[in-house]
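Please treat every number below as a calculation from the coordinates, not as lab data. What you see is a predicted model, and the numbers here were worked out from it, not measured in a lab. As a convention, Cβ positions derive from the backbone with ideal geometry for all residues, glycine included, and neighbour counts pool all protein chains shown.
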Amino acid sequence: MNTVLLSFLLVCNVLLLVVCLSLVRRLRVWEYKISDTFREWITAPDEKTPSPLALFISQIGAVVGGQCGNSVMAAIRGALGGTQKGANAEAMAEAVEGDSKLGLVQALAPKLFRRLNKNPAALAGLQGVLGKLFGGAAGDGASSSRSSGGIRRHRYE
């Protein structure tokens, strides 16, 4: 009985050894496949063609760089827009102080006046139209500059 049990244990150990060696062989094959795939990924096929990893990093860099550029440009546009609004408000206040007809438009049509505040070119055009419509009143300090039909212009820096 002892010999049968020992023989059985020996056969089981041999089978276990065969299974372990088979697994080790398969692991080595997988290791070679993984390392070959990794080498193909990081090495360039030739001198003129970049590796797939280099292409991937380049594409990621382009996307990230583009997003950063868009963010910076949006911040700059926002800052410039605020500066332009301040300049427009200054020009509007200066124009209203110098022309009583624009003060009348501000009092009678505030929505129109707010639109003019966003567009100084339209303000200059409205001044010209009002100057032609009403002519130059004797008491208007700004009428002398418009008596020849010219439009008052503002300089922005």
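What are the equivalent ellipsoid semi-axes of the range 1-72, built from the alpha-carbon gyration tensor (square roots of five times its eigenvalues), in whole angstrom, biggest first?
Working: eigenvalues 634, 51, 3 Å².
The equivalent ellipsoid of the range 1-72 has semi-axes of 56, 16, 4 Å.
Along the charge dipole of the range 1-85, Cβ charges K/R +1 and D/E -1, which of Leu16, Val29, Val63 sits furthest on the positive end?
Of the candidates, Val63 comes out farthest on the positive side.
Could you give the length gained on full extension between Leu112 and Ile42, defined as 0.36 nm per residue of separation minus the Cα-Cα distance, in nm? Let's see the in-between values first.
On the way: separation 70, 0.36 × 70 = 25.20 nm, distance 6.43 nm.
Result: 18.8 nm gained on full extension.
In nm, to one decimal, how far is the modelled label at Arg28 from the one at Ile60, with both set 7 Å along Cα→Cβ?
3.4
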